[in-house]
Every structure is written in structure tokens, then in C-alpha cells.
Amino acid sequence: MKIVVSYINSKYNKYETIRRINNCRNADGIHIDLMDGYYVFNSNFTIMDLLEDFIGINKPIDVHMMIEKPSNYLPFIFNLNPVGIYIHPFTESDPISILNLINNRGIDAGIVINPDEDISSFVQFFPVVKRVLLMSVRPGAGGQEFLMSTINKLVELKKYQSIYNFLIYVDGGIDDTTIKYIQGADGAVSGSFVCLSDDYERQIDKLKAK
Ligand code: DX5
Ligand code: ZN
């Protein structure tokens, strides 16, 4: 299973955290969590700084936009050359066009499904998306506890995956215990478990060993 690392909850400052993830042989990518203070309570709205933050970073980047109207910011995000961009589709009036716009740039278009949302209400997007980010915590903060209801949701999502063609990543509360519950996923986003330690490689090895 791929492990991508979210840097919002770390022992080190943003720059040092990004640098450490980038230097990790076993990290499969860096996950950028963008929060606008509207779609979610917290805000770290530093889109203008992002390009600078990621100078010299060569790990694949994916962007999780916890933002109202993410389409307003896509031109900035495209400049980062991410491999994937996830939007919460109901923040847009015409999400399918936005997802197509992302795919047409050669970037994987992704949607996010929150813990309190039904998988069945996202079926319309499955033919278009290349990735689905299944939230295992409520979006808005790092360091929350993994929600066990994710296990059944993953089973349900896997049924759709066998019909359509998308990758499944699970995001939130992933550590060396909870990773066992999501073995059917293609990847996981882990933040605190990796970044609150001082040995990122060892923490990621623990996740990959399970
Ligand atoms: C939650 C974010 C997650 C999260 C991951 O709003 O989308 O990416 O911060 O961090 P941990 O592993 O601390 O839950
Ligand atoms: Zn995230």
C-alpha cells in the first residue's frame, strides 16, 4: 500500500517537515491539506506560498482542497504539477466540469467522501474520477481518531471500484494499528503518526509492514 504524508500536524515547522518527507526513501508522496476556514473551521490558506514551499521538492504531490469553490484556486494549484487533486464535489455547482478540467490537465481528478456522507450519493462521479479519498476522520484537523465506520464504507466503495476505474486512498487517523483495517485501499494518508516522530522513515516502515 502506498503511504503519502500530510504535514499539517508536525513536530517540526512546515519547511523542515516538507524537507524531511521529501528525503524519506519510503514516502510515496506529500499530501497538501488546504483549509479555507469556511468549508472547514480551521484555516491554513497559504495557496500563494505553496509554490515557494515546494521549490526543490521531487516527491509526487496530491492536494486535498477543503475549500468552498475550489475551482477559483485551481490555476494556482496547477502550477505545483500535482499528480492528483481532490475536491469535495458538493462545494461546486458543476463538479463534473471541474473534474474533467483537472483530468484534461493530465492530473488525476479526485473526490472526497466524508464520514457522514453516503457512498451512494457519489456514484455520478465514479465514471469521471481517477481517485477517491475516503475520509476516516471529519475533515478539518490532524490528530483525530480513526472512525471505525470507515471499514464498512471501504467495503462498499470497493464494489464500485470493481466497476469503475479509480484508486482509493484513506485519509485520517492512520497509524500502525488502524492501517490493518484498510488493507483493501490502494493507499493511505498519514500525518501525525509520521510527523510527530523524529524518525519518519521508521514510522512509514511500520505502516508498510502491516
Ligand atoms: C484532515 C486531513 C488529513 C489529516 C491527516 O482534515 O485531511 O489529511 O490531517 O492527518 P492525521 O494522520 O493526523 O489524521
Ligand atoms: Zn487530507
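The values are calculated or read from the model by the stated rules, or taken from the named source; none is laboratory data. This structure is a prediction, so every number in the text was calculated from the model and none was measured. Cβ coordinates were reconstructed from backbone atoms using ideal geometry, including for glycine residues, and neighbour counts include every protein chain displayed. Just so you know, the surface numbers come from the protein's heavy atoms only, side chains and all, with ligands and any DNA or RNA stripped out. Shrake-Rupley method; radii C 1.70, N 1.55, O 1.52, S 1.80 Å.
Among the residues of segment 21-67, those that are in a helix (DSSP H, G or I) and open to solvent by less than 70 Å² (accessible area, probe 1.4 Å) comprise 21, 22, 47, 49, 50, 53. For segment 186-195, a residue qualifies if it is part of a loop (DSSP other than H, G, I, E, B) and near ligand 1 (Cβ under 8 Å from one of its atoms), and exactly one does: 191. Residues considered: 45, 54, 90, 78. Of these, the only one that is touching an Asp or Glu at 6+ places or on another chain (Cβ under 6 Å), of a type in the set (Phe, Trp, Tyr) and free of Cβ contacts under 8 Å to residues at least 60 places away in the same chain is 45. Restricting the search to segment 95-117, which residues are in contact with a helix residue (DSSP H, G or I) (Cβ under 9 Å, 6 or more places away or on another chain), in a loop (DSSP other than H, G, I, E, B) and surrounded by fewer than 19 Cβ atoms within 10 Å (Cβ to Cβ)? Selection gives 105, 115, 117. Run down 202, 138 and say which single residue is open to solvent by 60 Å² or more (accessible area, probe 1.4 Å) and either of a type in the set (A, V, I, L, M) or within 15 Å of the chain's Cα centre (by Cα) (or both). Of the residues listed, the single one that is open to solvent by 60 Å² or more (accessible area, probe 1.4 Å) and either of a type in the set (A, V, I, L, M) or within 15 Å of the chain's Cα centre (by Cα) (or both) is 138. Need pairs with beta-carbon distance below 7 Å; first residue part of a loop (DSSP other than H, G, I, E, B) and within segment 126-145, second within 7 Å of ligand 1 (Cβ to nearest atom) and hydroxyl-bearing (Ser, Thr, Tyr); sequence gap 6+ or separate chains. So the pair list comes out as 142/6; 142/192; 143/192.
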